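Report on the following structure.
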Amino acid sequence: MGLISLILLGAGLLFQFFVILSGVANTTPLNKTYFIQVDTAGTSAAQNPLRWTFFYLCGEQNGLNANCGSPVPARPFDPPRNFGSDQGVPQSFIGSNHYYYLSRFMFAFYLIALFFAAIAFLTGILALCTRLGSYLSGLTVAVAAFFQALAAALMT
């Protein structure tokens, strides 16, 4: 059971890296991953559709992320700030920092979850040999799952 758990934890850790590093390179699968795509017709956005990743605002070309702008860590989901104008942006985004802070905290919680998942993976290897390692691995998996769930809730 410990080996199966370690394989599943490793796969989850790999997928976390894919999501966090989405759009940072023009190679598969990083150029196919984004966390939201928006139809920007009628706005001042330069590209339509526009894809948000954690570091870039990208366009779409042949199903891939293309023409990404300059990298910004924890790119906020705030169309008026990202587009430089509130033309064509839904009213709930104008004059509100609600989505800005949700997306910024989401990125931080993803990084915290990634850290604890990596620690859980390392202690999971130790858990194959000792009971103390399994206790430590179980604790760090629980902490990682909590922060991952919190980041997913903020993303939703």
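Residues in the stretch 134-143 carry Karplus couplings, in order, of 5, 5, 5, 5, x, 5, 6, 5, 5, 5 Hz; the curve used is 6.51 cos²θ - 1.76 cosθ + 1.60 with θ = phi - 60°, and Gly or Pro positions show x.
If you take the Cα centroid of the stretch 89-156 and the Cα centroid of the stretch 33-53, the two points sit 26 Å apart. How much net charge surrounds M106 when only the other residues with a Cβ under 14 Å from the Cβ of M106 are counted, with Lys and Arg +1 and Asp and Glu -1? Cβ neighbours under 14 Å give a net charge of +1. With contacts taken as Cα pairs under 8 Å at a separation of at least 6 residues, the stretch 57-113 carries a relative contact order of 28 percent. The tail of the calculated P(r) for the stretch 1-73 beyond 16 Å holds 52 percent of all Cα-Cα pairs. Taking each DSSP H run with n ≥ 4 as -39500 (n - 2.57) and averaging over every residue of the chain yields -17500 deg cm²/dmol at 222 nm. Seen from F77, the other residues with C-beta closer than 12 Å to its C-beta sum to a net charge of +3, counting Lys and Arg as +1 and Asp and Glu as -1. As a length-normalised measure over Cα pairs under 8 Å and 6 or more apart, the relative contact order of the chain settles at 18 percent. In terms of the mean number of neighbouring beta-carbon atoms within 10 Å, the peptides 119-125, 88-94 order highest first as 119-125, 88-94.
Candidate values [x] 55; [y] 50; [z] 59 were compared with percent of Cα pairs over 19 Å apart computed on the shown model; the agreeing label is [z].
We did not get these values from a lab; they are worked out from the coordinates using the rules stated. As the structure is a prediction and not an experimental result, all values here were calculated from the model. Glycine also receives a Cβ, built like all others from the backbone with ideal geometry; neighbour counts cover every protein chain displayed.
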